[in-house]
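As structure tokens, the structure follows; a few thoughts come after it.
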Amino acid sequence: FTRRTGAEMGPAAATQQNRGDILVRLAPRAQRASVYAIMDVIRERSEREVPEARVELVQVLQDVLDDLSGNPRPIEVKIFGRDPLVLEELARAAGGKLQELPALDDLFDGVEGNVPILRVDIDASAAARLGVTPAQVNDDLDVALSGRIAAHVRRIDQSIGVRVRAPDEVRFDLAAVERFPLAYGGTSVPLSAVAHLSRPTGPSVLTRENLSPVVILTASLGPNTDLEGATREVAARLKDLPRPQGYRREVGGQIESARETQGELAGVFGLGVALVLAVLLVQLRSLRLALVVLLGAPLGLVGAIVTLLVVGIPLNASSLMGCVLLAGLVVKNGILLLEHAQNLALEGHDFAEAVAQAGGRRLRPILMTTLATVVGLVPLAFGFGAGAELQRPLAVATIGGLLLSTLVTLLAVPTLAVLLMPRRTTRAGRDAS
């Protein structure tokens, strides 16, 4: 394993400064349980041994893609309002309702907690007696505690800032800060002479969206969980959560981008079908035969969806891409079969006899090309290799669609072709002979 804290090394600094990650390389698959079972064990131990830690478990490739693309968490619940304390109460109540949902993992209620802060209340009249304004006192105190870059030192090809500030023995000691000397008008007075210092607690993180204070609850999805179904279940659970006047709630996350992706993939699928139809018209020179071949595309989608249901994989962006691939893959069997049947019909054979002969002649090429494609997708379908889980839905959908479309090509396509074009093609063949 490797541990990294802070910004990601390299040109793409996608992670935040106050976060860290631990990259774990698992043992070979035959020597361990599934990755999701291992994640569950780590979650249980983390909650039991370090309950104050916030732990999120995610596959490496998915984490990198989310960081680089800026995608939100799969499930996000945003609560907007004015008072941070009320927002925290509402967030904790919402987190309690969602804690029991089995479809959610790594639930975080959005409450980062409070931390000690240094509060300085400057006495304007006392500062005026020294001939300064509260803003000037605040600026000098900011230099002492936070520091300010006063110069730069060049080292090789880097410019390194030199920050001037008080030593840590002063910055982190309230009594030392109170004694911190301020020199104004030729006199030196301690900070306590012009300001009152205290150490209350305050929120460690203040989040705003469109200038409105917000608390964001986040969660990831369990294995083989439907994003849209989980979003609906979250909204149903929070339906009865009280909302004071002036406060509102939004349930979102990746569902919006998922719906947008589905619409784009549907458009791509339609465009692919149109282009495939154009190729079929050029290849077969018959609209009827082209439509018969295209019959395998929707039936291939049925095979893909049924296979996903049997395996228990939700319909997501990856599986939809597999359905798009089927638009081009399922027609090659029909081309192999009907093109050879057309050639036999032009030689004088009856079209029904030509289709039967073409089926026997093209059976082995059709099975070999389908088998080669299926075998090539088997490693992805079983999730072999790092990050293969992300592409597993694509492989499973493609395999299921190809298998059903092959049966359709061998059984339904010849029958429909004979029913639609028995006379016209036969007459054409006799004229050619």
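The solvent-accessible area of Lys239, taken with every protein chain present and a 1.4 Å probe, is close to 150 Å². To the nearest 10, the accessible area of Arg392 is 70 Å² with a 1.4 Å probe. What you get for the chain, charging only the Cβ of Lys and Arg (+1) and of Asp and Glu (-1), is a dipole of about 1300 debye around the Cα centre. Straight-distance candidates among the aspartates and glutamates for linking to Lys97, with alpha-carbon spacing under 19 Å and chain neighbours fewer than 8 residues away dropped: Glu47, Glu76, Glu88, Glu89, Asp105, Asp106, Asp109, Glu112, Glu228, Glu233, Asp240, Glu250. Eigenvalues of the alpha-carbon gyration tensor of the chain, scaled by 5 and square-rooted, set the equivalent ellipsoid semi-axes at 68, 23, 21 angstrom, largest first. The helix-only estimate of mean residue ellipticity at 222 nm for the chain, built from DSSP H runs of length n ≥ 4 each weighted as -39500 (n - 2.57), is -17500 deg cm²/dmol after division by the residue total. For Gly253, the amide hydrogen comes within under 5 Å of the amide hydrogens of Glu76, counting only partners 5 or more places away or on other chains and with H modelled in the peptide plane. Using heavy atoms of the protein chains and a probe of 1.4 Å, the accessible area assigned to Ile122 is about 50 Å².
For the pair Ile22 and Ala175, a Förster radius of 45 Å applied to the C-beta separation gives a FRET efficiency near 0.70, rounded to the nearest 0.05. Once backbone amide H atoms are built at 1.01 Å from N, Leu182 has Val189, Leu191 as its partners under 5 Å, excluding neighbours fewer than 5 places away on the same chain. Surface composition of the chain: carbon and sulfur make up 58 percent of the accessible area, probe 1.4 Å. Calculated accessible area for the chain comes out at 59 Å² per residue, all protein chains present (probe 1.4 Å; ligands, DNA, RNA ignored). Rounded to the nearest whole Hz, the Karplus-based 3J(HN,Hα) values (6.51 cos²θ - 1.76 cosθ + 1.60, θ = phi - 60°) of region 298-312 follow the sequence x, 5, x, 5, 4, x, 5, 5, 5, 5, 4, 5, 5, 6, x, with x at glycine and proline. Among Gly186, Gly96, Gly376, the largest mean-square fluctuation in a Gaussian network model of the chain (Cα springs under 10 Å) belongs to Gly186. Karplus-based coupling profile of region 239-254, in residue order and whole Hz: 4, 8, 5, x, 10, x, 5, x, 10, 9, 9, 10, 10, x, x, 8, with θ = phi - 60° in 6.51 cos²θ - 1.76 cosθ + 1.60 and x standing for Gly or Pro. Mind telling me which of Arg249, Arg165, Arg208 comes out most flexible in a GNM of the chain, alpha-carbon contacts under 10 Å? Result for the chain, Cα springs under 10 Å: Arg165 fluctuates most. For Leu104, the residues 5 or more places off, or on other chains, whose built amide H falls under 5 Å of its own are Gly222. Distance between the modelled labels on Val50 and Val86, one decimal in nanometres: 3.7 nm (7 Å Cα→Cβ projection). With N counted as the residues of region 61-211, its alpha-carbon radius of gyration over 2.2 N^0.38 Å works out to 1.52. Measuring between their Cα centroids, region 211-237 and region 171-202 lie 47 Å from each other.
Please state the shape class of region 145-208: rounded when a/c is under 1.5, otherwise prolate if a/b exceeds b/c and oblate if not, all from the C-alpha gyration tensor. The shape class here is oblate.
The values are calculated or read from the model by the stated rules, or taken from the named source; none is laboratory data. Because the structure is predicted, anything quoted here is derived from the model rather than measured. In this analysis, Cβ positions are derived from the backbone assuming ideal geometry, glycine residues included, and neighbour counts consider all displayed protein chains. Note: areas computed on protein heavy atoms with side chains; ligands, DNA, RNA excluded. Shrake-Rupley method; radii C 1.70, N 1.55, O 1.52, S 1.80 Å.
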